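To start, the structure under review is shown below, and the notes come after it.
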Protein chains: 2
Amino acid sequence: MALQETMKALSNPVRREILMMLKTGAQPAGDIAQHFELSQATISAHLSLLKHADLIREQKYKNYIYYELNLSVFEEATLWLKGFTNEK
Amino acid sequence: MALQETMKALSNPVRREILMMLKTGAQPAGDIAQHFELSQATISAHLSLLKHADLIREQKYKNYIYYELNLSVFEEATLWLKGFTNEK
DNA sequence: CATCTATTTAGGATTTTAACGAAATAGGTT
DNA sequence: AACCTATTTCGTTAAAATCCTAAATAGATG
């Protein structure tokens with residue numbers, strides 16, 4: 001998919017921290033927001049951008065929206081980067 | 001070093017294209033600029049940012065400033081990304 | 001169905017980024 | 001020293017990103 005979207009999404013520290021939070025498993029938007037001193041609305045916008053970049057997926061359960069990593073796009077980005085160090 | 005600088009630098013398509021141009025070896029700033037329909041000043045600013053992110057190094061020779069990749073920082077970024085897909 | 005809770009959307013202020021042309025600098029070369 | 005040539009720095013402008021508060025939406029629950 002679009003490397004541009006991926007890289008743009010990864011360029012922001014808040015979004016990277018969100019991704020790291022999701023390493024251990026899916027979490028609802030509210031829980032994610034509580035880890036930051038930022039408004040819920042701001043975190044929601046970051047989540048939306050990560051979703052558009054396809055780095056995360058959402059999954060509804062009860063009253064919550066759980067977000068989780070979508071690893072395939074990470075693999076693409078990793079490959080792009082490895083292209084610099086691997087080849088002779 | 002600072003992952004923030006690295007990711008910020010990689011988030012821009014012009015800068016990524018510059019990096020790809022340097023895969024095949026060092027090139028002077030002027031040659032790099034010629035591959036884009038952007039002013040020399042703009043490319044110079046991109047090169048400066050890449051240099052601050054430590055993704056490239058400069059090397060003076062005759063009248064030119066040659067830029068070349070600095071692979072160690074690519075490795076750090078690759079490791080960070082692989083941290084998402086590798087671990088269980 | 002009325003209400004509560006979780007989350008997003010809208011609108012707006014502030015900061016950052018990307019670009020340009022023009023001027024400045026830094027080295028070579030004559 | 002004077003002059004090229006390559007590159008950067010300066011000053012400015014326009015567009016995009018980030019954040020906030022307040023209002024809207026969407027589901028679950030009583």
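The values are calculated or read from the model by the stated rules, or taken from the named source; none is laboratory data. Just so we're clear, the structure is a prediction, and the values are computed from it rather than from any experiment. FYI the Cβ positions are ideal-geometry reconstructions off the backbone, even for glycines, and counts take in every protein chain you see. Just the protein is used for accessible areas: all its heavy atoms, side chains included, with ligands, DNA and RNA removed. Shrake-Rupley method; radii C 1.70, N 1.55, O 1.52, S 1.80 Å.
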What are the nm distances, shortest first, from B:K23 to its equivalents in the other copies, labels at 7 Å along Cα→Cβ?
2.8
When each copy gets a label point 7 Å from Cα toward the beta-carbon at A:S44, what are the spacings between them in nm, shortest first?
4.6
Quick one: if you stick a label point 7 Å off each Cα along the C-beta vector at A:V14 and A:Y64, how many nm between them?
2.1 nm
Restricting to lysines 8 or more places apart or on different chains, can you count the pairs in chain A with Cα atoms under 27 Å from each other?
11
Report, to two decimal places, the Cα Rg of the protein assembly as shown normalised by 2.2 N^0.38 Å (N = number of residues).
1.17
Given 0.36 nm per residue, what is the gain on full extension from B:D31 to B:E5 after removing their alpha carbon distance, in nm?
6.9 nm
How large is ³J(HN,Hα), in whole Hz, for each residue of the range B:33-46 in order, when computed from phi with the Karplus curve 6.51 cos²θ - 1.76 cosθ + 1.60 and θ = phi - 60°, using x for Gly and Pro?
4, 5, 7, 10, 8, 10, 5, 4, 4, 5, 5, 4, 5, 5
Which of A:K60, B:K8 is most accessible, then next, and so on - probe 1.4 Å
A:K60, B:K8
Measuring from the axis that superposes chain B on chain A, report the chain B residue with the minimal C-beta distance, rounded to whole Å.
B:S11, 2
